[in-house]
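Here's the structure we're looking at; comments come further down.
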Amino acid sequence: MMKKTTLFAAILLLGSAAYAQKYEGIKGALLINNIPEAHKLYDKESANEKFFSKPEGYIIKSYILAFDALDSAKVADADKNREAALEAFKKYKEADPTMKDLDTYKNAPYQLYASYFNSGVADINAKKYEAAYAKFKNVVELSDLLIEKKINLPGPIDTNAIYYAGVLAETNKQMDDAVKYNTRLADRKITGQNYEQVYQSLVRYYAGKNDDANFEKYRQLGKELYPQSEFFNYNKLDFAIGSSNNFDEKVANLEKIIAATPDDYKANLALGEAIFEKLNRAKEGEEKPANAAELETKMLAALKKAASVNANELQPTLLMGDHYMNKAGIKEEAMRNAEKEMDSKGAKVTAADKQKYADAKKAYVAEYALAAEHFEKAAEVLGKLPQLDNVQKRQYRVIAGNLAQYYFFIGQDATGATKTKYSALEKKYDTLYKSMK
């Protein structure tokens, strides 16, 4: 039994040796760059699966197919040959992690690199960014190997390949990958006209992550390498406000800053302003957000916080007053419609009609009262200023007009001392309004 096993092993070794000799013919043709002869021999020998009994079979396959992928006469099969060449190269590395044959067949990974690079650039030019990104991921892996093995590429990194991979990763919204590639360039302080966006991308990414340490690290690095760029003078709040045109992203970015620094006046005000615009200054045809009530709660909390942090700043109080004034305007329309409905019925008006009007009027007054509360706070601050600029004068006049109208309206239903009080307040603000013409 032992003799049979030994004999069988000897037969296997002889078989491998025989196929090692088959490799020599192909290798010789490749070394003198006789690709047609190497291809003919490969096509003949690789038909037998024993050709791949040794790792060298896979590196030869990779070499031949990588060459085919670059052959302009075989462009129709370039993608298929390129992918098959890469698969064969991966099998070679798996079968022989030492890659001892790489010196002899070093053109295999280099031609693969060139083929993926050229095809990736063509995809970029054709705006096929997803396909280009898939290719440049392979380009970077291959270039790292070529540099490590000192094959045809100078070190320490392939800046062009990594740059393209980073840009394409970001284009395809693969931000974690983009950071990986961009960090390799930034940490080596790679610079040049096109590389500023590497540092900008890292600054934006870490601003969104609320990672102060890395945000500041790459902002300062960008400022050092691109001193003329205004971009690197922006602070984290600037990025939270302006880094995205998407409303939800902007709100989320600002909320991250506020969570980290609750007493940040500017962040709270910015959040309140962003939501105020969404709720009160919708673009034509834009529908009211489905979560309007939730947004209103967030807005009011942010504006109240801002007002408490800096009581001398008018903007939070004015925004709350304007918000309630806009809501009062909607309620007023409902009240006026109910009033017209009663008028149109004349003597046939019902108790239900009267109740509808009363409810609408109550809702209007409730919103108006909240607006008046904030306007009076603002008026108090403005009234104490020694001198008003033109903007403040216009604000004061609008506030006074709204307050005069409010006290006139609620004074109509008041009696006794309350009516006298409202009448005096109406006169006060009306006089102030007229004095600022």
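Since every read-out is calculated from the coordinates, none of them should be taken as a lab result. None of the values given here were measured: they were computed from a predicted structure. Counting neighbours? That spans all protein chains shown, and the Cβs are built from the backbone with ideal geometry, glycine included.
Using only alpha carbons, the chain has a radius of gyration to Kirkwood radius ratio (Rg to Rh) of 1.29. Stokes-Einstein, applied to the Kirkwood radius of the range 181-322 over Cα pairs at a viscosity of 0.890 mPa s and 25 °C, places its translational diffusion at 148 µm² s⁻¹. Sorting 121-129, 193-201, 370-378, 58-66 by average packing, meaning the other beta carbons within 10 Å per residue, from highest down gives 58-66, 370-378, 193-201, 121-129.
Over the Cα atoms of the range 392-437, each weighted equally, I'd like the Debye log10 I(q)/I(0) at q = 0.21, 0.23, 0.29 Å⁻¹, rounded to two decimals. Once normalised to I(0) and log-transformed, intensities are -0.60, -0.68, -0.91.
Rounded to the nearest 500, the helix-only mean residue ellipticity at 222 nm of the chain stands at -25500 deg cm²/dmol, with each DSSP H run of n ≥ 4 adding -39,500 (n - 2.57). Put simply, the range 219-297 fits an ellipsoid with semi-axes of 29, 15, 9 Å; these come from the alpha carbon gyration tensor as the roots of five times its eigenvalues, largest first. Which of the pairs Lys377/Lys434; Lys288/Lys354; Lys22/Lys90; Lys288/Lys327; Lys377/Lys427; Lys305/Lys384 have their Cα atoms more than 25 Å apart in this structure? Beyond 25 Å: Lys288/Lys354. Partners of Lys437 within straight-line reach, counting aspartates and glutamates whose Cα lies under 15 Å from its Cα and excluding those fewer than 8 residues away in the same chain: Asp389. Enclosing the Cα atoms of the range 81-134 in their convex hull gives a volume equal to 74 cubic angstrom per residue. Highest mobility in the GNM of the chain, judged by mean-square fluctuation with C-alpha springs under 10 Å and restricted to Val75, Val167, Val309, is found for Val75.
Computed from phi, the 3J(HN,Hα) profile of the range 413-429 under the Karplus parametrisation 6.51, -1.76, 1.60 (θ = phi - 60°) reads 9, 7, 9, x, 5, 5, 5, 4, 4, 5, 5, 5, 5, 4, 5, 4, 6 Hz, with x in place of Gly and Pro.
Its relative contact order, with pairs defined as Cα atoms under 8 Å and 6+ residues apart, puts the chain at 6 percent. Per the Kirkwood formula applied to alpha carbons, the range 295-437 shows a radius of gyration over Rh ratio, Rg over Rh, of 1.05.
Assuming 0.692 mPa s and 37 °C, estimate D for the range 178-219 with Stokes-Einstein, Rh taken as the Kirkwood radius over Cα pairs, in µm²/s. The Stokes-Einstein estimate is 325 µm²/s. Per-residue Karplus couplings for the range 335-349, computed as 6.51 cos²θ - 1.76 cosθ + 1.60 with θ equal to phi - 60°, are listed in order as 5, 5, 5, 5, 5, 5, 5, 5, 4, 5, 8, x, 5, 8, 4 Hz, Gly and Pro entered as x. Counting only residues at least eight positions apart within a chain, or on another chain, the aspartates and glutamates with an alpha carbon under 15 Å from that of Lys100 are Glu56, Glu148.
The charge dipole of the chain, taken about its Cα centre with unit charges on the Cβ of Lys, Arg, Asp and Glu (plus for the first two, minus for the last two), comes to roughly 460 debye.
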